[in-house]
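The values are calculated or read from the model by the stated rules, or taken from the named source; none is laboratory data. These numbers come from a predicted model, not from an experiment. In this analysis, Cβ positions are derived from the backbone assuming ideal geometry, glycine residues included, and neighbour counts consider all displayed protein chains. What goes into the accessible areas is simple: the full protein's heavy atoms, side chains included, and nothing from ligands, DNA or RNA. Shrake-Rupley method; radii C 1.70, N 1.55, O 1.52, S 1.80 Å.
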Amino acid sequence: MEKKYNFEKLTLKDDVNIDVYEEALNYVFDSNDICNVAITGAYGAGKSSILASYKKKHPEKKYLHISL
């Protein structure tokens, strides 16, 4: 049976390439005067996957997950 559609899961992944995002997040966490950060993008763009991958790569930091 030939597949008619190609579906992709929209669940988060914790092993994505976060090179540029990692540098940006390190900058945020190293700056004591930054209190708010927004990560925006369309549904399914990978916002949660970026954060999950960063969290996995940096277990020495403390995290509080709040989803709105």
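The table below lists the values:
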item: Any pair with Cβ under 6 angstrom, 6 or more apart, that starts in the stretch 27-48 at a residue that is closer than 16 Å to GLU8 by Cβ and ends at one that is open to solvent by 100 Å² or more (accessible area, probe 1.4 Å) and in a loop (DSSP other than H, G, I, E, B); result: GLY44/LEU10; SER48/LEU12
item: Whichever residue in the stretch 49-65 is under 16 Å from LEU12 (Cβ atoms) and of a type outside the set (D, E, K, R) and, among such residues, is most open to solvent (accessible area, probe 1.4 Å); result: HIS65
item: Residues that are open to solvent by 100 Å² or more (accessible area, probe 1.4 Å), assigned to a loop (DSSP other than H, G, I, E, B) and not acidic (Asp, Glu), drawn from the stretch 26-40; result: ASN32, CYS35, ASN36, THR40
item: Restricting the stretch 4-25 to residues that are assigned to a helix (DSSP H, G or I) and charged (D, E, K, R), the residue that is surrounded by the most Cβ atoms within 10 Å (Cβ to Cβ); result: GLU22
item: Considering residues of the stretch 41-51 that are of a type outside the set (S, T, N, Q) and not in a loop (DSSP other than H, G, I, E, B) only, the residue nearest to PHE7 (Cα to Cα); result: LYS47
